[in-house]
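See below for the structure under consideration.
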Amino acid sequence: MKTIIYTCPYVPAEWIAAHGLRPSRIILSAVSSAGSITRAEGVCPYVRAFIDEATTEKRACGVVMTTVCDQMRRAFDILVRKCNLPVFLMNVPNTWQSVAAQKLYLDELKRLGRFLIQLAGKSFSQDKLSQVMLEYDTVRACILAARGHLTSRQYAEVIAAFGRDGPGTRPDNAEGARPPIAGVPLAIVGGPLMKQSFDIFDIVEQSGGRIVLDATETGERGMCAPFDRRRFRDDPLMELANAYFGGIQDASRRPNNELYKWLDHELVSRGVRGIIFHRYLWCDMWHAELWRLKDWVDLPVLDIDIGGDNETYQHRTPNRIRAFLEMLQ
Amino acid sequence: MSDMPRQITLEEWDQRYEQLQKAGLHQPSYGGPLSRHVGDGDKRLLKLRYDNSAAALRLWNFLLTEEDRLHEARNKGKRLVGTMKDLGTVPVMAYSFDNLAAFYPDGAWWIPCMMELDAGLLEIADSLGIDESFCPVRAMLGAFVTGAHFPIPELLTCSVGATCDDFSAIAQRLNGLGYPILWWEVPHRRSGEPGETTVKLPGGFSAPKCQVEFVKSELERLKTALEELAGQHLDEEKLSAGIKKANQVRTYLAEIRQLAFTAELCPMPALEMLIAEMLAIHFCSDQDETIEVLRELLGEIKTRVQAGKGVLGADAARIFWVNPVADLQVMNLLEDCGGRICGTEYLFSHALDTIPEDLRPVEALAQMVLADPMVGSSADRAERICADVRRFGAEAVLISRIPGASHCALEGEVISEIVQTELDIPVLEIEVPPVTDSMRPTLRTRAEALVETIKARRKR
Ligand code: SF4
Ligand code: SF4
């Protein structure tokens with residue numbers, strides 16, 4: 001089956017799958033140099049890694065990007081010139097409260113659908129969409145329910161694998177599932193993680209903590225809301241749009257107060273005692289939230305700024321996490 | 001002192017001012033010697049060089065008294081609107097009301113330069129977590145906190161969507177500090193797809209009709225908010241009159257640009273041209289006076305061109321400038337190095353295009369929003385740059401990167417490639433922070449190298 005690669009949580013995997021294509025929400029690998037662009041300075045390492053991945057990707061038949069942040073929007077300009085695959089830029093509004101913004105998102109899904117039909121070579125059916133949504137929703141619920149039975153890294157990896165490989169991934173398939181260990185409960189909050197950042201879960205555990213809330217884009221925060229089974233039978237596409245556009249809270253939304261409401265609920269219900277704030281150098285969206293979060297939350301916040309280089313991953317980040325946990329214990 | 005056009009220092013302007021006064025200079029209420037603004041803390045003025053015309057004096061005085069005008073407007077009972085990020089559209093709507101005055105808090109961008117970092121605005125931004133990895137517009141946060149550079153407006157609007165991350169993030173930080181903001185969405189301009197109706201936009205880009213319709217609905221939302229603030233209804237007639245007035249500004253600017261960029265001898269220096277162009281987006285808080293200021297400037301330029309007089313040598317290298325500079329002194333520097341500006345794209349070319357008067361007014365404004373070069377792809381922007389380079393006969397393109405700006409990191413690559421492929425002219429990228437003093441030798445060397453390259457190519 002032909003594969004479509006993407007990273008943005010506002011791209012519904014179900015929509016791609018319903019068009020007979022294989023959605024793969026990829027987890028990127030950091031590139032330490034400028035990679036496929038002429039200069040790295042000023043470019044978010046995640047964007048750099050995305051450009052690199054899309055330009056070297058061999059198995060996919062198309063790339064989907066969104067306008068959620070300006071750097072990704074500009075990365076699209078680079079990819080249409082450098083990437084051999086067809087690339088689609090989906091307009092995801094930053095505002096969300098108006099009916100017009102919600103309709104724009106829905107219209108963009110339909111436009112994405114036309115792009116997918118061209119790639120798949122066949123049209124899609126509403127029944128197929130309902131069936132795919134049901135399948136994804138079931139596995140998603142299963143994954144969420146498994147949180148208490150997996151280590152935080154396993155849990156994060158199951159979510160990532162679900163995005164990358166689809167509903168074939170079930171938590172009971174997680175390799176060597178082991179029960180979570182006790183430790184100072186922490187949350188990790190921020191944009192998407194790259195492969196190298198998954199080590200953070202282990203570092204936290206080795207240092208006497210445990211991530212009980214993965215509020216990164218690649219974690220729970222980037223998962224859509226559960227579908228309303230009654231509503232989706234009548235109008236699956238509308239329900240899909242509601243669950244994604246209305247259900248995922250992000251720093252890029254204007255205003256983004258719903259992100260804080262969501263965080264408030266999750267931090268309290270999971271007894272979080274400290275926050276690891278994960279952001280990339282040159283990412284304005286998340287960087288600007290750091291101090292707001294610090295002002296807002298009554299918990300210690302550790303700022304981990306990722307430059308995408310090995311030094312950050314191998315030395316600076318582990319040392320800082322260890323020191324943070326020492327302080328909390 | 002002769003009346004020959006030339007660039008003079010602030011000190012020289014004081015003498016020139018006395019001379020002009022003796023000769024019966026007529027000045028508006030905000031007139032006076034330029035050097036008095038240094039007392040307000042605008043120390044950078046001491047290091048700039050200015051055009052020596054009375055028209056330039058009026059332009060500078062107009063620019064440097066905006067804050068007073070805003071306070072005066074409020075004292076007279078006008079309500080203030082801070083129109084953030086969208087460049088050139090919401091003010092047209094706001095000035096269609098007789099009891100609203102609009103301004104761009106974004107203009108705080110230049111305060112660190114003008115006050116040579118003394119205002120402490122960047123430090124305040126730092127303390128709020130908005131450090132130098134953001135564009136200099138972060139000074140706006142400090143200006144809100146101190147309340148010292150503009151009155152806090154009754155209504156704040158901010159366009160988001162297809163905008164830079166810097167502004168969007170900073171405005172959200174401001175919102176988080178308790179300033180309510182009316183957010184409105186501008187979608188990324190895309191090409192029409194097969195079967196879609198497209199609209200040709202002012203300036204040459206096109207967009208699908210559905211995007212124009214979407215922006216129209218957003219502008220209607222803004223119009224309602226402005227009506228509530230003004231306590232007045234904005235009917236089509238009033239808005240059309242507002243558009244006409246904005247077009248008067250744009251028409252003068254089009255003539256000014258055409259003459260200044262194409263005349264054999266450069267009739268007006270780059271710095272004054274930059275300030276004049278900026279009037280198109282914010283009217284410096286007085287639309288009527290903007291028209292008068294530009295009328296006088298155009299008159300001066302016409303006189304000089306007709307007399308074959310200019311401020312720079314005839315062999316000055318003709319350079320097209322992309323992006324505004326955070327340090328105004330760099331415009332002087334380019335001229336010192338033997339260059340002259342022949343075309344600009346300061347992020348708001350669309351605000352220099354005439355707003356269609358044969359459409360319903362909200363539709364016309366929606367088209368202008370989508371005509372913004374920053375709302376679409378960098379390739380679109382590059383195409384517009386190429387078209388203007390041809391139109392003004394520039395010999396090179398200089399892209400001045402804005403430190404921290406989310407668009408600058410990647411767009412330069414695309415613009416350079418397209419310009420070089422289509423026009424085969426040199427492209428130089430430099431980065432300009434708010435105060436360039438410490439890097440002046442490097443900037444000078446790079447600008448001189450560009451000028452030399454241009455001159456060497458002439459001999460080919
Ligand atoms: S991490 Fe930030 S800058 Fe990078 S892609 Fe995500 S939102 Fe954009
Ligand atoms: S200069 Fe660029 S980054 Fe800064 S506010 Fe303007 S558009 Fe945004």
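The values are calculated or read from the model by the stated rules, or taken from the named source; none is laboratory data. What you are looking at is a predicted structure, and each value in this text was computed from that prediction instead of being measured. Glycine also receives a Cβ, built like all others from the backbone with ideal geometry; neighbour counts cover every protein chain displayed. Note: accessible area is taken over every heavy atom of the protein model, side chains too, but ligands, DNA and RNA are not part of it. Shrake-Rupley method; radii C 1.70, N 1.55, O 1.52, S 1.80 Å.
Any chance you could count how many residues in the stretch B:168-193 are more than 9 Å from chain A (Cβ to nearest Cβ) and closer than 26 Å to A:D107 by Cβ?
5
With the structure loaded, tell me whether A:R233 is modelled with pLDDT of 95 or more and outside the structural domain of A:E41 (by TED's automatic domain parsing) or whether it fails that test.
No, not satisfied.
Which one of these is at pLDDT 95 or above and closer than 17 Å to B:P324 by Cα: B:A276, B:A254, B:A246, B:A307?
That would be B:A276, the only listed residue that is at pLDDT 95 or above and closer than 17 Å to B:P324 by Cα.
Considering A:E41, A:E57, which residue is surrounded by fewer than 21 Cβ atoms within 10 Å (Cβ to Cβ) and within 16 Å of ligand 2 (Cβ to nearest atom)?
Every option except A:E41 fails the conditions.
Identify the single condition in (1) outside any helix (DSSP H, G or I); (2) free of Cβ contacts under 8 Å to residues at least 24 places away in the same chain that A:I37 does not satisfy, given that it satisfies every other one.
(2)
Give the stretch B:1-51 a look and list any residue that's open to solvent by 20 Å² or more (accessible area, probe 1.4 Å), basic (K, R) and within 22 Å of the chain's Cα centre (by Cα), or say none.
B:K43, B:K47, B:R49
If you check A:G190 against the conditions, is it at positive phi, touching a residue at least 60 places away in the same chain (Cβ under 8 Å) and either open to solvent by less than 10 Å² (accessible area, probe 1.4 Å) or over 20 Å from the mean Cα position of the chain (by Cα) (or both)?
It is true that A:G190 is at positive phi, touching a residue at least 60 places away in the same chain (Cβ under 8 Å) and either open to solvent by less than 10 Å² (accessible area, probe 1.4 Å) or over 20 Å from the mean Cα position of the chain (by Cα) (or both).
Does A:V47 qualify as being outside any loop (DSSP other than H, G, I, E, B), within 16 Å of ligand 2 (Cβ to nearest atom) and either within 14 Å of another protein chain (Cβ to nearest Cβ) or open to solvent by less than 10 Å² (accessible area, probe 1.4 Å) (or both)?
yes
Let me confirm something: among A:W291, A:W282, A:W286, which residue is closer than 24 Å to A:Q71 by Cα, under 15 Å from the mean Cα position of the chain (by Cα) and within 14 Å of chain B (Cβ to nearest Cβ)?
A:W286
Can you list the helices (runs of 4 or more DSSP H) lying wholly within the stretch A:163-263 that have 2 or more residues being more than 27 Å from A:Y46 (Cα to Cα) and among the aliphatic types (A, V, I, L, M)?
Here the list reads A:236-245.
Just name the residue that is surrounded by the most Cβ atoms within 10 Å (Cβ to Cβ) out of those in the stretch B:159-181 that are closer than 17 Å to B:V145 by Cα and away from ligand 1 (no atom under 16 Å from the Cβ).
B:L174
Just to be sure before I move on: is A:N257 more than 16 Å from ligand 1 (Cβ to nearest atom), open to solvent by 10 Å² or more (accessible area, probe 1.4 Å) and closer than 19 Å to B:D166 by Cα in the structure I sent?
yes
Among the residues of the stretch A:289-316, write down those that are open to solvent by less than 10 Å² (accessible area, probe 1.4 Å), closer than 24 Å to A:L259 by Cβ and touching a residue at least 24 places away in the same chain (Cβ under 8 Å).
Once the filter is applied, which keeps residues that are open to solvent by less than 10 Å² (accessible area, probe 1.4 Å), closer than 24 Å to A:L259 by Cβ and touching a residue at least 24 places away in the same chain (Cβ under 8 Å), the stretch A:289-316 yields A:E289, A:L293, A:I304, A:I306.
Just wondering, is there one or more residues in the stretch B:250-266 that are of a type outside the set (S, T, N, Q), more than 23 Å from the chain's Cα centre (by Cα) and either within 30 Å of B:L297 (Cβ to Cβ) or open to solvent by 20 Å² or more (accessible area, probe 1.4 Å) (or both)?
Yes, because at least one residue in the stretch B:250-266 is of a type outside the set (S, T, N, Q), more than 23 Å from the chain's Cα centre (by Cα) and either within 30 Å of B:L297 (Cβ to Cβ) or open to solvent by 20 Å² or more (accessible area, probe 1.4 Å) (or both).
Of the conditions (1) outside any loop (DSSP other than H, G, I, E, B); (2) farther than 20 Å from B:A101 by Cβ; (3) open to solvent by 10 Å² or more (accessible area, probe 1.4 Å), B:K245 satisfies every one except a single condition; which number is it?
All conditions are met except number (2).
How about the stretch A:84-100: which of its residues are more than 8 Å from chain B (Cβ to nearest Cβ), without any contact (Cβ under 8 Å) to a residue 40 or more places away in the chain and buried (at least 19 other Cβ atoms within 10 Å of the Cβ)?
A:V87, A:F88
For residues in the stretch A:3-23 being more than 14 Å from chain B (Cβ to nearest Cβ) and within 21 Å of A:K82 (Cα to Cα), which is nearest to the chain's Cα centre (by Cα)?
Here the answer is A:T7.
Kindly indicate whether B:P426 is over 23 Å from B:I454 (Cα atoms) and either open to solvent by less than 10 Å² (accessible area, probe 1.4 Å) or modelled with pLDDT of 95 or more (or both).
Answer is no for this residue.
Consider the stretch B:284-334. How many of its residues are in contact (Cβ under 8 Å) with a residue 12 or more places away in the chain and part of a loop (DSSP other than H, G, I, E, B)?
16
Tally the residues that are within 16 Å of ligand 2 (Cβ to nearest atom) and either at the interface with another protein chain (Cβ under 7 Å from one of its Cβ atoms) or assigned to a loop (DSSP other than H, G, I, E, B) (or both), restricting the search to the stretch B:143-167.
Of the residues in that region, 7 qualify.
Scan A:K128, A:K103 and give me the residue that is open to solvent by 30 Å² or more (accessible area, probe 1.4 Å), over 18 Å from B:S191 (Cα atoms), part of a helix (DSSP H, G or I) and facing chain B (nearest Cβ under 9 Å).
When all the criteria are applied, what remains is A:K103.
List the pairs whose first member sits in the stretch A:235-258 and is more than 16 Å from ligand 2 (Cβ to nearest atom), whose second member is open to solvent by 20 Å² or more (accessible area, probe 1.4 Å) and assigned to a helix (DSSP H, G or I), and whose Cβ atoms are under 6 Å apart, counting only residues at least 6 apart or on separate chains?
Close Cβ pairs satisfying both conditions: A:P236/A:S130; A:E239/A:R231; A:A241/A:L106; A:Q249/A:E258; A:Q249/A:W262; A:P255/B:N175.
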